[in-house]
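Participant: Take a look at this one; I'll ask things after.
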Amino acid sequence: LKRIDWDGSVSKLTCIYAFSNDDVWFGVTNLIHWNGIEFVKNWNPVLDEFYDKTVNKIWGTSSSDLYIVGNGGLMAHYDGTGWTKIETGTELDLLDIWGTDADNIWVCGFTEPIATVILNYNGSEWETYHYLPFNEYIEYNKNQISGPVRSIWTNRKSQLWLANYYGLYRAQNSNSTSFKRYKPLTRAWNGGTTFNIRGNDINDIMFVSDEDSFWHFNGKTFKNYPVMGNVDNLILAMAEMENGFIFVGFNFNQEAVIYMCIR
């Protein structure tokens, strides 16, 4: 275990994104980079413009093509030398970012009780793909997004996956707002919040819901992994590996919880 601090004081880590063992980024109130030898502060003056300076998620193709998103519509890009603020056109909290390459990037988030939003970068500009005020939410609907979007994932330009309060949604294609809703039809599904989604391929997707519940989708059916059925654990984030997945969160005693699911 390594202690990560900022000028001698410990800060709450909000997210991690790794390109390799010696190229890892940590979100705090700013950013810290692990280069394989030491932890280096990557102070981002652009963040000073944003509400509460919280980095919620990191994604990129390399450490010279890196994006961060955060509260209040925060988004910025790092080209290996300096940071540039990205105008998102929203003040909603941005909670997740994922893409396939530099020309296909997706961002999602929401702020209660205002609205939810999905943004897309097509290689030349950022556009609002989906925006829905809370007072216009559609209750359970298999063909439309009907709740605040908390997490987003894709591995190809032809499909887009979303996780929200009502389960999983898949766009029929990346240019369509028509979605198919996937709801695990088992008694283990409690109908609660889906916090995070990641995958290795469209037939190898994992997502987490509340009450310490992991789900795997093989492209056709769902399997639930209750992990000892400990409802005191709250799993909030995850990452995929070639041979499995890692899940992190905390319990009601404010103790860290980490699970590794290895095939």
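The values are calculated or read from the model by the stated rules, or taken from the named source; none is laboratory data. Computed from a predicted structure; not experimentally measured. So basically every Cβ, Gly included, is an ideal-geometry build from the backbone, and we count neighbours across all protein chains shown. The accessibility values were calculated without ligands, DNA or RNA, using every heavy atom of the protein model including side chains. Shrake-Rupley method; radii C 1.70, N 1.55, O 1.52, S 1.80 Å.
Participant: How long are the semi-axes of the equivalent ellipsoid of the range 46-124, defined as square roots of 5 times the Cα gyration tensor eigenvalues? Whole Å, largest first. Let's see the in-between values first.
Facilitator: Details: eigenvalues 77, 45, 18 Å².
Rounded to whole Å, the semi-axes are 20, 15, 10.
Participant: Among N30, G147, H130, which residue has its Cα positioned farthest towards the positive end of the charge dipole of the chain, with +1 placed on the Cβ of Lys and Arg, -1 on the Cβ of Asp and Glu, and the dipole taken about the Cα centre?
Facilitator: G147
Participant: Please tell me which of these pairs span more than 31 angstrom C-alpha to C-alpha: K2/K180; K57/K180; K41/K180; K57/K220?
Facilitator: Values: K2/K180 43 Å; K57/K180 26 Å; K41/K180 43 Å; K57/K220 29 Å.
In this structure, K2/K180; K41/K180 exceed 31 Å between Cα atoms.
Participant: Right, next: Pairs of Cα atoms under 8 Å, at least six residues apart: use those to get the relative contact order of the range 1-51, whole percent. The partial results should precede the final answer.
Facilitator: On the way: 63 pairs, mean separation 11.4, N = 51.
Relative contact order here is 22 percent.
Participant: Can you report the principal axis dimensions of the range 1-134 using only the alpha carbons, biggest first, rounded to whole angstrom?
Facilitator: Its Cα atoms span 44, 30, 25 Å along the three principal axes.
Participant: Using 0.36 nm per residue of separation minus the Cα-Cα distance, give me the extension gain between N253 and T81 in nm, one decimal. Numbers along the way, then the final one.
Facilitator: Values: separation 172, 0.36 × 172 = 61.92 nm, distance 4.11 nm.
Extending this stretch completely gives an extra 57.8 nm.
Participant: Quick one: 3J(HN,Hα) in Hz for the range 97-113, Karplus 6.51/-1.76/1.60 with θ = phi - 60°, rounded, Gly and Pro as x.
Facilitator: Rounded to whole hertz, the list is 8, 7, x, 9, 6, 5, 10, 8, 10, 10, 9, 9, x, 6, 9, 7, x.
Participant: Could you please state how large a percent of the accessible area of the chain is carbon and sulfur, counting protein chains only and using a 1.4 Å probe? Provide the component values of the computation, followed by the final result.
Facilitator: Values: 6320 of 13070 Å².
Its accessible area is 48 percent carbon and sulfur atoms.
Participant: Let me ask something else. Against the globular-protein guess of 2.2 N^0.38 Å, express the Cα radius of gyration of the chain as a ratio, rounded to two decimals.
Facilitator: On the way: Rg = 17.9 Å, N = 263, 2.2 N^0.38 = 18.3 Å.
Against the empirical 2.2 N^0.38 Å value, I get 0.98 for the chain.
Participant: Given +1 on the Cβ of Lys and Arg, -1 on the Cβ of Asp and Glu, and no further charges, what dipole in debye does the range 42-134 carry about its Cα centre, rounded to the nearest 20?
Facilitator: Values: 3 positive and 14 negative charges, 32 e Å.
That gives the range 42-134 a dipole magnitude of about 160 debye.
Participant: Beta carbons within 10 angstrom, averaged per residue: use that to sort the peptides 36-48, 233-245, highest first.
Facilitator: 233-245, 36-48
Participant: Modelled label-to-label distance, T100 and E38, 7 Å Cα→beta-carbon offset: nm?
Facilitator: Output for this residue pair reads 4.1 nm.
Participant: Please compute the length gained on full extension between K53 and D7, using 0.36 nm multiplied by the number of residues separating them and subtracting their Cα-Cα distance.
Facilitator: Values: separation 46, 0.36 × 46 = 16.56 nm, distance 1.70 nm.
Once the chain is fully extended between K53 and D7, it gains 14.9 nm.
Participant: I need the peptides 70-82, 96-108, 6-18 ranked by packing, meaning the mean over residues of other C-beta atoms within 10 angstrom, with the highest value on top.
Facilitator: On the way: 70-82: 17.3, 96-108: 20.3, 6-18: 12.5.
Result, highest mean Cβ count within 10 Å first: 96-108, 70-82, 6-18.
Participant: Of N56, F250, L168, which is farthest towards the positive pole of the chain's charge dipole, taken about the Cα centre with +1 and -1 on the beta-carbons of Lys, Arg and Asp, Glu respectively?
Facilitator: Positive-most Cα among the choices belongs to L168.
Participant: Mind checking which of V28, V208, V55 has the largest fluctuation in a GNM of the chain, springs on alpha carbons under 10 Å?
Facilitator: V28
Participant: Could the peptides 197-203, 151-157 be put in order, highest first, of the mean number of other beta-carbon atoms found within 10 Å of their residues? Each step should come with its number before you reach the end.
Facilitator: Numbers: 197-203: 17.3, 151-157: 20.4.
Ranking the peptides 197-203, 151-157 by packing returns 151-157, 197-203.
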